[in-house]
Amino acid sequence: MKILVTRRLPEKAFALLKSHFEIDCYDSEEAMPREELLKRVADKDGLLCLLTEKVDAELLSRAPGLKAVATISVGFDHIDLKACSDRGIAVTHTPGVLTETTADFAWALLLACARRVVEGDRFLRTGRYKAWGLTLLLGADVHGKALGIVGFGRIGQAVARRASGFGMRVLYHDSKRAEAGVEAALGVRSVNLPELLRRSDFVTLHASLGLGSAHLIGEKEIALMKPGAFLINTARGPLVDEAALVKALKEGRLAGAGLDVYEKEPELAPGLAELSNVVLAPHMASASVETRTRMASLAAEGLLDVLIHGRRPAHMANPSAATAL
Ligand code: DGY
(Lines give C-alpha, C1' and ligand atoms only; values in the text may rest on other atoms or scores of the structure.)
Protein backbone atom coordinates (compact mmCIF):
# COMPACT_ATOMS: atom_id res chain seq x y z
CA MET A 1 0.00 0.00 0.00
CA LYS A 2 1.24 3.44 -0.88
CA ILE A 3 0.54 6.53 1.19
CA LEU A 4 1.31 10.21 0.84
CA VAL A 5 2.30 12.09 3.99
CA THR A 6 2.13 15.82 3.40
CA ARG A 7 4.43 17.05 6.17
CA ARG A 8 7.38 15.91 8.27
CA LEU A 9 5.93 13.86 11.14
CA PRO A 10 7.03 13.38 14.73
CA GLU A 11 9.29 10.30 14.78
CA LYS A 12 6.84 8.27 16.86
CA ALA A 13 4.04 8.70 14.33
CA PHE A 14 6.31 8.02 11.37
CA ALA A 15 7.53 4.82 13.02
CA LEU A 16 3.94 3.54 13.22
CA LEU A 17 3.61 3.82 9.45
CA LYS A 18 7.07 2.78 8.32
CA SER A 19 6.79 -0.97 8.50
CA HIS A 20 3.36 -1.12 6.86
CA PHE A 21 3.43 1.29 3.96
CA GLU A 22 5.47 2.50 1.07
CA ILE A 23 5.66 6.14 2.20
CA ASP A 24 5.98 9.17 -0.03
CA CYS A 25 6.64 11.97 2.46
CA TYR A 26 6.84 15.68 1.77
CA ASP A 27 9.62 15.97 4.33
CA SER A 28 9.25 19.62 5.21
CA GLU A 29 7.86 21.96 7.86
CA GLU A 30 6.22 23.98 5.08
CA ALA A 31 2.85 23.26 3.47
CA MET A 32 2.99 21.13 0.34
CA PRO A 33 2.35 23.14 -2.83
CA ARG A 34 -1.03 22.25 -4.32
CA GLU A 35 0.33 21.18 -7.73
CA GLU A 36 2.79 18.82 -6.10
CA LEU A 37 0.08 17.41 -3.87
CA LEU A 38 -2.13 16.70 -6.87
CA LYS A 39 0.74 15.01 -8.69
CA ARG A 40 2.01 12.89 -5.82
CA VAL A 41 -1.39 11.71 -4.54
CA ALA A 42 -2.28 10.18 -7.92
CA ASP A 43 -1.11 6.61 -7.23
CA LYS A 44 -1.80 6.47 -3.49
CA ASP A 45 -4.09 4.32 -1.34
CA GLY A 46 -3.95 6.64 1.63
CA LEU A 47 -3.36 10.30 2.40
CA LEU A 48 -2.12 11.66 5.73
CA CYS A 49 -2.66 15.39 5.64
CA LEU A 50 -3.11 18.58 7.64
CA LEU A 51 -5.75 21.28 7.55
CA THR A 52 -3.63 23.16 5.00
CA GLU A 53 -4.42 20.57 2.33
CA LYS A 54 -7.78 20.96 0.64
CA VAL A 55 -9.21 17.54 -0.06
CA ASP A 56 -11.81 18.39 -2.65
CA ALA A 57 -13.39 16.88 -5.75
CA GLU A 58 -10.41 17.92 -7.86
CA LEU A 59 -7.94 16.10 -5.64
CA LEU A 60 -10.14 13.02 -5.43
CA SER A 61 -10.50 12.86 -9.19
CA ARG A 62 -6.69 12.76 -9.45
CA ALA A 63 -6.43 9.88 -6.96
CA PRO A 64 -8.69 7.09 -8.22
CA GLY A 65 -7.22 4.49 -5.84
CA LEU A 66 -7.56 6.54 -2.66
CA LYS A 67 -9.30 4.63 0.14
CA ALA A 68 -8.48 6.61 3.26
CA VAL A 69 -7.76 10.20 4.27
CA ALA A 70 -6.43 10.87 7.77
CA THR A 71 -6.17 14.48 8.85
CA ILE A 72 -3.99 15.56 11.76
CA SER A 73 -6.69 17.84 13.12
CA VAL A 74 -9.98 17.69 14.91
CA GLY A 75 -11.56 20.01 12.33
CA PHE A 76 -12.27 18.65 8.89
CA ASP A 77 -13.73 21.66 7.11
CA HIS A 78 -10.85 21.38 4.58
CA ILE A 79 -12.22 18.03 3.44
CA ASP A 80 -15.20 17.51 1.16
CA LEU A 81 -16.77 14.78 3.27
CA LYS A 82 -19.60 14.13 0.88
CA ALA A 83 -17.27 13.66 -2.08
CA CYS A 84 -15.15 11.27 0.01
CA SER A 85 -18.21 9.36 1.20
CA ASP A 86 -19.58 9.05 -2.33
CA ARG A 87 -16.31 7.40 -3.34
CA GLY A 88 -16.23 5.12 -0.32
CA ILE A 89 -13.21 6.90 1.13
CA ALA A 90 -12.96 6.77 4.91
CA VAL A 91 -11.97 10.04 6.57
CA THR A 92 -10.43 10.02 10.03
CA HIS A 93 -9.60 12.94 12.33
CA THR A 94 -8.08 13.48 15.77
CA PRO A 95 -10.61 14.64 18.37
CA GLY A 96 -10.01 14.26 22.09
CA VAL A 97 -6.22 14.36 22.22
CA LEU A 98 -5.97 18.14 21.81
CA THR A 99 -8.83 19.21 24.06
CA GLU A 100 -6.90 20.30 27.14
CA THR A 101 -4.01 21.88 25.21
CA THR A 102 -6.40 23.95 23.11
CA ALA A 103 -8.36 25.02 26.20
CA ASP A 104 -5.09 26.07 27.87
CA PHE A 105 -4.30 28.26 24.88
CA ALA A 106 -7.73 29.89 24.77
CA TRP A 107 -7.00 30.95 28.34
CA ALA A 108 -3.52 32.10 27.40
CA LEU A 109 -5.06 34.43 24.79
CA LEU A 110 -7.81 35.59 27.14
CA LEU A 111 -5.37 36.47 29.90
CA ALA A 112 -2.87 38.02 27.51
CA CYS A 113 -5.57 40.32 26.08
CA ALA A 114 -7.17 41.27 29.37
CA ARG A 115 -3.86 41.95 31.11
CA ARG A 116 -2.04 43.38 28.08
CA VAL A 117 0.86 40.95 28.35
CA VAL A 118 2.09 41.35 24.77
CA GLU A 119 1.88 45.13 24.93
CA GLY A 120 3.92 45.02 28.15
CA ASP A 121 6.54 42.85 26.48
CA ARG A 122 6.83 45.28 23.54
CA PHE A 123 6.96 48.22 25.90
CA LEU A 124 9.99 46.81 27.65
CA ARG A 125 11.81 45.63 24.56
CA THR A 126 11.51 49.04 22.96
CA GLY A 127 13.16 50.68 25.99
CA ARG A 128 10.09 52.62 27.08
CA TYR A 129 9.92 51.36 30.68
CA LYS A 130 11.38 54.09 32.87
CA ALA A 131 9.54 53.69 36.18
CA TRP A 132 6.63 51.87 37.80
CA GLY A 133 3.45 53.70 36.87
CA LEU A 134 0.10 53.81 38.60
CA THR A 135 -1.78 53.82 35.32
CA LEU A 136 0.76 52.03 33.18
CA LEU A 137 -0.83 49.40 30.90
CA LEU A 138 -4.03 49.09 32.89
CA GLY A 139 -6.04 46.10 31.82
CA ALA A 140 -9.26 44.40 32.80
CA ASP A 141 -9.77 41.99 35.66
CA VAL A 142 -10.63 38.45 34.68
CA HIS A 143 -11.64 36.99 38.04
CA GLY A 144 -15.27 37.41 38.96
CA LYS A 145 -16.33 38.33 35.42
CA ALA A 146 -18.76 36.63 33.04
CA LEU A 147 -17.41 34.18 30.46
CA GLY A 148 -19.50 33.25 27.42
CA ILE A 149 -18.56 30.02 25.66
CA VAL A 150 -19.92 29.56 22.14
CA GLY A 151 -19.78 25.88 21.22
CA PHE A 152 -19.91 23.55 24.19
CA GLY A 153 -18.23 20.40 22.97
CA ARG A 154 -15.09 18.90 24.48
CA ILE A 155 -12.97 22.04 24.17
CA GLY A 156 -15.70 24.45 25.28
CA GLN A 157 -16.25 22.33 28.38
CA ALA A 158 -12.52 22.18 29.11
CA VAL A 159 -12.45 25.98 28.95
CA ALA A 160 -15.38 26.10 31.38
CA ARG A 161 -13.57 23.83 33.87
CA ARG A 162 -10.70 26.30 34.03
CA ALA A 163 -13.06 29.23 34.67
CA SER A 164 -13.98 28.03 38.14
CA GLY A 165 -10.47 28.88 39.35
CA PHE A 166 -11.16 32.47 38.35
CA GLY A 167 -14.52 32.57 40.10
CA MET A 168 -16.30 33.44 36.86
CA ARG A 169 -19.96 33.16 35.93
CA VAL A 170 -20.08 30.91 32.88
CA LEU A 171 -22.74 31.00 30.18
CA TYR A 172 -22.68 28.80 27.13
CA HIS A 173 -24.46 28.51 23.84
CA ASP A 174 -24.64 25.40 21.69
CA SER A 175 -27.23 23.94 19.33
CA LYS A 176 -27.22 20.90 21.62
CA ARG A 177 -27.74 21.46 25.31
CA ALA A 178 -25.32 19.71 27.66
CA GLU A 179 -26.66 17.12 30.08
CA ALA A 180 -27.98 18.49 33.36
CA GLY A 181 -25.19 16.67 35.23
CA VAL A 182 -22.53 18.39 33.12
CA GLU A 183 -24.13 21.80 33.63
CA ALA A 184 -24.33 21.26 37.38
CA ALA A 185 -20.77 19.93 37.67
CA LEU A 186 -19.35 22.86 35.72
CA GLY A 187 -21.71 25.45 37.18
CA VAL A 188 -22.66 26.71 33.71
CA ARG A 189 -25.93 27.99 32.27
CA SER A 190 -27.23 27.49 28.74
CA VAL A 191 -28.50 30.68 27.03
CA ASN A 192 -29.23 31.77 23.48
CA LEU A 193 -26.50 33.53 21.53
CA PRO A 194 -27.86 37.11 21.84
CA GLU A 195 -28.16 36.74 25.60
CA LEU A 196 -24.67 35.30 25.87
CA LEU A 197 -23.26 38.20 23.87
CA ARG A 198 -25.12 40.79 25.92
CA ARG A 199 -24.01 39.38 29.27
CA SER A 200 -20.43 38.22 28.79
CA ASP A 201 -17.27 40.17 29.51
CA PHE A 202 -15.28 37.57 27.59
CA VAL A 203 -16.68 35.61 24.65
CA THR A 204 -14.68 32.58 23.52
CA LEU A 205 -15.48 30.56 20.40
CA HIS A 206 -15.31 26.78 20.28
CA ALA A 207 -17.81 25.96 17.55
CA SER A 208 -16.92 24.01 14.44
CA LEU A 209 -17.13 25.54 11.01
CA GLY A 210 -20.01 23.95 9.18
CA LEU A 211 -23.04 24.79 7.18
CA GLY A 212 -24.47 28.07 8.43
CA SER A 213 -21.78 28.87 10.99
CA ALA A 214 -19.72 31.27 8.84
CA HIS A 215 -19.91 34.79 10.33
CA LEU A 216 -21.63 33.44 13.41
CA ILE A 217 -20.14 36.57 14.96
CA GLY A 218 -20.84 39.36 12.49
CA GLU A 219 -21.54 43.07 12.77
CA LYS A 220 -24.95 42.49 14.36
CA GLU A 221 -23.59 40.08 16.97
CA ILE A 222 -20.62 42.32 17.78
CA ALA A 223 -23.06 45.18 18.33
CA LEU A 224 -24.81 43.03 20.95
CA MET A 225 -21.60 42.47 22.92
CA LYS A 226 -20.99 44.46 26.09
CA PRO A 227 -19.00 47.62 25.45
CA GLY A 228 -15.47 46.82 26.59
CA ALA A 229 -15.85 43.06 26.12
CA PHE A 230 -13.18 40.77 24.65
CA LEU A 231 -13.48 38.18 21.88
CA ILE A 232 -11.29 35.07 21.79
CA ASN A 233 -11.20 32.75 18.78
CA THR A 234 -9.25 29.50 18.76
CA ALA A 235 -11.84 27.65 16.64
CA ARG A 236 -12.04 28.67 12.98
CA GLY A 237 -11.47 32.08 11.39
CA PRO A 238 -14.57 32.26 9.19
CA LEU A 239 -16.78 32.09 12.29
CA VAL A 240 -15.99 35.79 12.69
CA ASP A 241 -16.55 38.65 10.27
CA GLU A 242 -13.01 39.94 10.64
CA ALA A 243 -13.68 43.31 9.00
CA ALA A 244 -16.51 43.97 11.46
CA LEU A 245 -14.23 42.93 14.31
CA VAL A 246 -11.47 45.29 13.19
CA LYS A 247 -14.00 48.12 13.05
CA ALA A 248 -15.29 47.43 16.58
CA LEU A 249 -11.75 47.19 17.96
CA LYS A 250 -10.70 50.41 16.24
CA GLU A 251 -13.71 52.25 17.58
CA GLY A 252 -12.98 50.89 21.06
CA ARG A 253 -16.40 49.26 21.29
CA LEU A 254 -14.63 46.02 22.10
CA ALA A 255 -11.66 46.23 24.45
CA GLY A 256 -9.65 43.54 22.73
CA ALA A 257 -9.43 40.26 20.91
CA GLY A 258 -7.24 37.20 21.04
CA LEU A 259 -7.10 35.36 17.75
CA ASP A 260 -5.44 32.12 16.75
CA VAL A 261 -7.37 31.65 13.50
CA TYR A 262 -8.30 33.98 10.63
CA GLU A 263 -11.04 34.36 8.10
CA LYS A 264 -8.65 34.10 5.15
CA GLU A 265 -5.84 32.34 6.95
CA PRO A 266 -2.92 32.95 6.76
CA GLU A 267 -3.89 36.46 5.59
CA LEU A 268 -5.10 39.02 8.11
CA ALA A 269 -7.96 41.44 7.52
CA PRO A 270 -6.73 44.96 6.65
CA GLY A 271 -5.97 46.91 9.81
CA LEU A 272 -5.88 43.94 12.18
CA ALA A 273 -2.10 43.77 12.59
CA GLU A 274 -1.92 47.51 13.34
CA LEU A 275 -4.17 47.28 16.38
CA SER A 276 -2.46 47.19 19.77
CA ASN A 277 -5.50 45.70 21.51
CA VAL A 278 -5.32 42.35 19.73
CA VAL A 279 -3.11 39.39 20.44
CA LEU A 280 -2.46 37.40 17.28
CA ALA A 281 -1.19 33.82 17.14
CA PRO A 282 -0.47 31.64 14.10
CA HIS A 283 -3.01 28.82 14.64
CA MET A 284 -0.99 27.27 17.45
CA ALA A 285 -3.58 26.39 20.11
CA SER A 286 -2.79 22.67 19.93
CA ALA A 287 0.93 23.21 19.49
CA SER A 288 2.52 21.43 22.42
CA VAL A 289 5.11 18.71 21.81
CA GLU A 290 2.97 16.12 23.57
CA THR A 291 -0.28 16.99 21.83
CA ARG A 292 1.09 17.30 18.31
CA THR A 293 2.79 13.91 18.77
CA ARG A 294 -0.51 12.42 19.96
CA MET A 295 -2.41 13.98 17.05
CA ALA A 296 0.02 12.68 14.43
CA SER A 297 0.06 9.21 16.03
CA LEU A 298 -3.73 9.07 16.14
CA ALA A 299 -3.91 10.02 12.46
CA ALA A 300 -1.35 7.32 11.63
CA GLU A 301 -3.41 4.77 13.58
CA GLY A 302 -6.45 5.84 11.56
CA LEU A 303 -4.69 4.95 8.32
CA LEU A 304 -3.50 1.63 9.74
CA ASP A 305 -7.04 0.78 10.86
CA VAL A 306 -8.58 1.43 7.48
CA LEU A 307 -5.87 0.24 5.11
CA ILE A 308 -4.08 -2.54 7.00
CA HIS A 309 -6.55 -3.93 9.54
CA GLY A 310 -9.68 -3.28 7.50
CA ARG A 311 -11.54 -2.02 10.53
CA ARG A 312 -13.44 1.11 11.43
CA PRO A 313 -11.08 3.71 12.89
CA ALA A 314 -11.69 5.18 16.34
CA HIS A 315 -12.57 8.60 14.91
CA MET A 316 -14.25 8.46 11.54
CA ALA A 317 -15.54 11.80 10.28
CA ASN A 318 -17.87 10.20 7.74
CA PRO A 319 -19.27 7.11 9.50
CA SER A 320 -22.03 6.78 6.91
CA ALA A 321 -19.54 6.46 4.03
CA ALA A 322 -20.11 3.42 1.88
CA THR A 323 -16.85 1.73 2.83
CA ALA A 324 -16.38 -1.96 3.48
CA LEU A 325 -15.46 -1.22 7.13
C1 DGY B 1 -7.62 21.32 14.60
O2 DGY B 1 -7.15 20.27 15.04
O3 DGY B 1 -8.65 21.36 13.92
C4 DGY B 1 -6.93 22.58 14.97
O5 DGY B 1 -7.39 23.69 14.35
C6 DGY B 1 -5.43 22.44 14.89
O7 DGY B 1 -5.11 21.79 16.07
Backbone N under 11 Å from the Ala314 label point (7 Å along Cα→Cβ), restricted to the stretch 82-97: 94-97
Residue order for Tyr262, Tyr129 - accessible surface, 1.4 angstrom probe, largest first: Tyr129, Tyr262
Thr293 versus Ala322: modelled label distance in nm, points set 7 Å from Cα along the beta carbon direction: 4.3 nm
Pairwise centroid distance, computed over Cα atoms, of the stretch 215-273 with the stretch 277-325, Å: 28 Å
Dipole moment magnitude, nearest 20 debye, the chain about Cα centre, only Lys, Arg, Asp, Glu C-beta charged: 760 debye
The chain: angle of helix 154-163 to the longest principal axis, Cα-based, in degrees nearest 10: 30 degrees
Residues listed by number, the stretch 200-229, amide nitrogen under 13 Å from Val191 label point at 7 Å toward C-beta: 200-204, 224-227
Cα shape, the stretch 21-81, gyration tensor, a/c 1.5 rule: rounded
Gained length - Val117 relative to Asp104, 0.36 nm times residue gap less alpha-carbon distance: 3.1 nm
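I want the antiparallel fraction of DSSP beta bridges within the chain, as a percent rounded to 5.
Antiparallel bridges make up about 5 percent of those DSSP assigns within the chain.
What percentage of the solvent-accessible surface of the chain, computed with a 1.4 Å probe over protein heavy atoms, is contributed by carbon and sulfur atoms?
For the chain, the apolar C and S fraction of the accessible surface comes to 55 percent.
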Estimated distance in nm for a label pair at Ala15 and Asp86, the labels positioned 7 Å out from Cα along Cα-to-Cβ: 4.2 nm
Positive-pole candidate from Val69, Asn277, Ala322, dipole of the chain, charges at beta carbon: Asn277
Residue-by-residue Karplus 3J(HN,Hα) for the stretch 238-250, coefficients 6.51, -1.76, 1.60, Hz, glycine and proline x: x, 5, 10, 6, 5, 5, 5, 5, 4, 4, 5, 6, 5
Radius of gyration and maximum dimension Dmax of the chain, Cα, Å: 21.4, 70
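If the stretch 99-280 were replaced by its equivalent ellipsoid, with semi-axes equal to the square roots of 5 times the Cα gyration tensor eigenvalues, what would those be, largest first, whole Å? Don't jump to the answer; show the numbers that get you there.
On the way: eigenvalues 142, 77, 41 Å².
Semi-axes (√(5λ), whole Å): 27, 20, 14.
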Shape category assigned to the stretch 1-148 from the gyration tensor of Cα positions, a/c cut at 1.5: prolate
Over the chain: helical MRE at 222 nm, DSSP H runs n ≥ 4 each giving -39500 (n - 2.57), nearest 500: -9000 deg cm²/dmol
Positive minus negative residues near Ser164 (Lys, Arg vs Asp, Glu; Cβ under 14 Å): +4
Rounded accessible area per residue of the stretch 99-280, 1.4 Å, Å²: 49 Å²
Whole-Å distance, taken between Cα centres, linking the stretch 163-177 and the stretch 18-92: 37 Å
Dipole in debye (nearest 20) - the stretch 99-280, about Cα centre, beta carbon charges: Lys, Arg +1; Asp, Glu -1: 520 debye
Cβ-based charge dipole, the chain, positive-most Cα from Ala106, Ser190, Leu59: Ser190
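The values are calculated or read from the model by the stated rules, or taken from the named source; none is laboratory data. Bear in mind the structure is a predicted one, so any value in this text is a computation, not a measurement. No Cβ is skipped: glycine too gets one built from the backbone with ideal geometry, and neighbour counts run over all protein chains shown. Remember, those area values only see protein heavy atoms, side chains included, never the ligands or the DNA or RNA. Shrake-Rupley method; radii C 1.70, N 1.55, O 1.52, S 1.80 Å.
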